[in-house]
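Below you'll find the structure, written out as structure tokens, and then a few comments.
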Amino acid sequence: MPQKLLSNIRVLDLTNVLSGPFATLHLALLGAEVIKIENPIGGDLARALGCLPELNKKQMGTSFLAQNANKKSVTLNLKFPEGKEIFKKLVKTADVVVENFRPDVMGRLGVGYNALKEINPKIIYCGISGFGKDGPDAMKPAYDQIIQGLSGEMAINGDERLSPLRAGFPVCDTVGGLNAAFAIMAALYYREKTGEGQFIDIALLDSVMPLMGWVAANLLIGGQQPVLMGNDNFTAAPSGVFKTKDGYINIAANKQEQWESVADVLGVPELKTDSRFQERDTRKKNRKLLTPLLEEKLTQKETKYWVEKLNENDVPSGEILSLEDALNQPQIKHRETIKSIHSEGIGDLKLFNLTAKFSKTPGNIDAPPPKLSEHTTEILKSIGYTEEEIKSFKEKKIT
């Protein structure tokens, strides 16, 4: 059996909903033992979120299932002194702690980084929040859409008819989670060399803004305000979405030779020498004149025909798939991007696998998302608690 990249790494995951669980999912898929520390009443808030009420009632909502494979669930109420003591014992055995509360919450509970590093100097502590641990907005509440608006991301989406426009999925939460996973891996590497743990401060606002690098650079360096372009690509023309006989096609003719191939494939070679379209920058300025001329030809045949012809001539192009078709396309199946795993009481679940492919240490889904408190007894026994003590904790609602 292939070695796991993060085998023997223990992660205490106090996170809820998306940004934190998405970060620790990647650690779990790489082989880390990720122990979800959940509130005994309800657990992770995502357990009740999803499109299937029957799963929400079972505290296994689809939103929870999406990013909690390979993890263990321990319930623990940190407001009880006994709960804090249990958590501190776990910290002694752990490598990483991840939480996504507001910056002051863990400190007020007496289990912030300063307290935990006294217990375990090698601990890597990652705090994920909307705005980071300090600054004028640090204590403000934040959800994904709030951050989308404050980051400028919504302001550059859409066109003159529809803007501001949010992304169709929680892009700030997921990117924040990826940033946290990346940072934790880097801190583990540093600790391997020095033996030192450290605190990692991840802000969703910080995390998403570099994704707009090209657009932001045009403003920060070039002084050019972003232009609302909808489905057009601001870097080139023709590059964007175009109508066909049966729908739409994405064409990305970003190089001069690709533009010339488009004109040839569509049967309009005269456009190559048209002064309005001959050179790249002129073509970009005249894209509203160019698009109808291309669509006049594109609407004569179906999308699949044009995709095949353009790709044959080294012009990147593709269909615009529905989500269902995208999830079921042959390339995704070949890459095993989605894996099926059985969950007792629910059935077979289709979940996203690790998308980075390692030749020597591949990641994989090995276990379904845990039921609430499924591993409490196992984990507490592993740090020395007896059956009687664990039963008492349960009766007192500490676990």
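The values are calculated or read from the model by the stated rules, or taken from the named source; none is laboratory data. This is a predicted model, so every value here is computed, not measured. Cβ atoms come from the backbone with ideal geometry, glycine included; neighbour counts cover every protein chain shown.
Count of segment 306-328 residues, restricted to those that are part of a helix (DSSP H, G or I) and either hydrophobic (A, V, I, L, M, F, W, C) or in contact (Cβ under 8 Å) with a residue 40 or more places away in the chain (or both), is 7. Of the listed requirements (1) in contact with a strand residue (DSSP E or B) (Cβ under 8 Å, 6 or more places away or on another chain); (2) under 15 Å from F22 (Cβ atoms); (3) surrounded by fewer than 17 Cβ atoms within 10 Å (Cβ to Cβ), C126 misses just one: (3).
When L327, L310, L354 are screened for being among the hydrophobic types (A, V, I, L, M, F, W, C) and touching a His at 6+ places or on another chain (Cβ under 9 Å), only L354 passes.
Cβ separations smaller than 9 Å between residues 6+ apart or across chains give the following pairs from segment 380-395 residues that are outside any helix (DSSP H, G or I) to residues that are of a type in the set (S, T, Y) and surrounded by 13 or more Cβ atoms within 10 Å (Cβ to Cβ): I383/T93; Y385/T377.
Search segment 226-246 for residues being part of a loop (DSSP other than H, G, I, E, B) and at pLDDT 95 or above, and hand back the single one that is nearest to N286 (Cα to Cα).
First, the residues of segment 226-246 that are part of a loop (DSSP other than H, G, I, E, B): 226-238, 244-246.
When the remaining residues are screened for being at pLDDT 95 or above, the result is 238, 244-246.
On the way: P238: 10, T244: 21, K245: 24, D246: 26 Å.
If we take residues in segment 226-246 being part of a loop (DSSP other than H, G, I, E, B) and at pLDDT 95 or above, then P238 is nearest to N286 (Cα to Cα).
Under 21 Å from K396 (Cβ atoms), buried (at least 24 other Cβ atoms within 10 Å of the Cβ) and charged (D, E, K, R) - does that describe any residue in segment 12-22? No: segment 12-22 contains no residue that is under 21 Å from K396 (Cβ atoms), buried (at least 24 other Cβ atoms within 10 Å of the Cβ) and charged (D, E, K, R). Taking residues in segment 204-225 that are under 30 Å from A23 (Cβ atoms), and partners anywhere that are of a type in the set (S, T, Y), the pairs with Cβ atoms closer than 7 Å and at least 6 places apart or on different chains are L204/S19; L205/S151; V208/S151; M209/S151. On inspection, E82 does not qualify as buried (at least 22 other Cβ atoms within 10 Å of the Cβ), of a type outside the set (A, V, I, L, M, F, W, C) and more than 17 Å from the chain's Cα centre (by Cα).
Report, by residue number, each residue of segment 294-305 that is of a type outside the set (S, T, Y) and assigned to a helix (DSSP H, G or I). Residues satisfying the conditions are L294, E295, E296, K297, L298, K304. Selection within segment 172-205: residues that are assigned to a helix (DSSP H, G or I) and among the acidic types (D, E). The member of this set that is farthest from the chain's Cα centre (by Cα) is E192. Among the residues of segment 110-135, those that are without any contact (Cβ under 8 Å) to a residue 24 or more places away in the chain and assigned to a loop (DSSP other than H, G, I, E, B) comprise G112, G135. Residues in segment 140-153 that are touching a Leu at 6+ places or on another chain (Cβ under 8 Å), of a type in the set (A, V, I, L, M, F, W, C) and modelled with pLDDT of 95 or more: I147, L150.
In this structure, is A138 without any contact (Cβ under 8 Å) to a residue 40 or more places away in the chain and closer than 15 Å to I202 by Cβ? It is true that A138 is without any contact (Cβ under 8 Å) to a residue 40 or more places away in the chain and closer than 15 Å to I202 by Cβ.
Take segment 76-109 and flag every residue that is closer than 14 Å to C126 by Cα and in a helix (DSSP H, G or I).
Narrowing segment 76-109 to residues closer than 14 Å to C126 by Cα: 91, 94-107.
V91, V105, M106, G107, listed by residue number.
Here segment 275-294 is the region considered, the condition is being in contact with a strand residue (DSSP E or B) (Cβ under 9 Å, 6 or more places away or on another chain) and closer than 14 Å to K243 by Cα, and the residue that is surrounded by the most Cβ atoms within 10 Å (Cβ to Cβ) is L294. Scanning for something within 30 Å of K71 (Cα to Cα) and touching a Gly at 6+ places or on another chain (Cβ under 8 Å), does segment 284-304 turn up at least one residue? Within segment 284-304, none of the residues are within 30 Å of K71 (Cα to Cα) and touching a Gly at 6+ places or on another chain (Cβ under 8 Å).
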